[in-house]
Amino acid sequence: MREREEEVAPLKVHKTVLLQWRPEKDPTAVKVQIRLRLERPRPPKPDPQFLVFIDLNSVHGLVVAYVATNGLKTRILEVNHYYPPNQGQRRNEAKKRQRAIARGGRGVNDALLRRTLRFDSSGWLKSVASKVIRKALKRAAASQIMVHLDAPPSGILRHSCLQGTLISFKKILKNLCAWYGIHLQVHPLPSTRCPHCGGKLKEVYRSKRVRVMSCDKCAFEENRDLVPLHWYLKKLRLPVPPTPVLPLPPPPNSDRQGDAKVAGVF
C-alpha cells in the first residue's frame with residue numbers, strides 16, 4: 001500500500017476501510033478491504049508521443065500494441081496477445097459433458113457443464129490491465145501516454161459472454177489510467193473496413209488464433225484484431241505502418257513460412 005501511495009506522491013490518497021463479518025459462515029473470520037482513492041483532474045489529451053492500443057472485440061482475448069511516434073515516424077514497439085487461462089481445456093471439458101448429456105447422463109453432467117462454462121475473469125482482467133499500464137509507463141519513460149480501448153457499442157454485446165468481460169475491463173482500465181494520470185479513450189473502430197481505400201474486408205482464412213482479412217480493391221491484408229490500429233493511427237494523422245504489422249500465418253495448403261515478430265520504423 002505504501003508503494004502505491006509513493007507512485008502518486010505528493011498527491012493525497014484517501015483510504016476507505018470496509019469490514020465484512022458473516023457469523024453464519026465463520027464467527028471468527030473478518031474480511032477487511034482497503035480502497036485507495038485519488039482525486040485529480042481528468043488528464044488533458046496530450047500530443048501523441050506514446051500510444052497504447054487495446055483491442056478487446058475478440059473471443060481470442062486481448063491484443064495490445066505499444067506505439068511510439070514523433071509525428072513524422074511511427075514505430076510499433078511491441079504487440080502482445082493475452083488469452084484467458086485454460087480456455088482450450090474448458091472447451092474440451094464442456095464438449096465431454098455435452099456428449100455425456102446427449103447419451104442421457106444428465107444431473108451431475110449438467111452441473112459440471114454449467115461450472116465449466118462459467119469463468120470468472122475478474123482476477124485475470126485485473127492482472128492483464130496492470131501489466132499493460134506498467135509496461136507502458138516503463139517503455140514511455142518521460143513521454144506522455146495515450147491509451148485507446150477499441151470497444152464495440154454495448155448493444156452489440158448485450159447478453160453475450162463478452163459483455164461482462166468488456167464492462168469489467170473498461171472499469172479496471174479507467175481506474176488505473178485515472179490513478180496514473182493517463183489519458184484514456186474508449187470508442188469502436190472498424191475491423192471489417194479497409195483503412196486504405198474504405199472497401200469491405202473479407203476473411204480469407206484463419207489459423208488457431210489469427211483471422212486474416214483482405215481487401216479486393218487494394219490488396220490490403222491484416223490480422224483482424226490489428227485492423228483498428230491502422231484506423232486509429234489514421235485518425236491521429238500519423239504515418240501508418242505497412243501491412244501486415246506482424247507476419248501472418250501461412251494460408252492452408254501453403255508452403256509460406258511464418259517469420260518472427262518484428263518492429264518497424266515508418
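Bear in mind that the values in this text are calculations on the coordinates, not laboratory data. Everything numeric in this text was worked out from a predicted model, so none of it was measured. Cβ placement follows ideal geometry from the backbone for every residue including glycine, while neighbour counts extend to all protein chains displayed.
The table for this structure:
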| read-out | value |
| --- | --- |
| Modelled FRET efficiency - R0 25 Å, Lys234 with Lys135, Cβ distances, 0.05 increments | 0.50 |
| Length released on extending from Leu11 to Arg206, taking residue separation times 0.36 nm less the Cα-Cα span | 65.3 nm |
| Pairwise FRET efficiency - Gln98 versus Ala178, Cβ, R0 = 41 Å, nearest 0.05 | 0.45 |
| Separation in nanometres of the label points that stand 7 Å from Cα toward Cβ, at Asn70 and Gln33 | 4.7 nm |
| Point-to-point label distance, Ser214-Thr192, nm (Cα→Cβ direction, 7 Å offset) | 1.9 nm |
| Residue order, fewest to most beta carbons within 10 Å, for Cys218, Cys194 | Cys218, Cys194 |
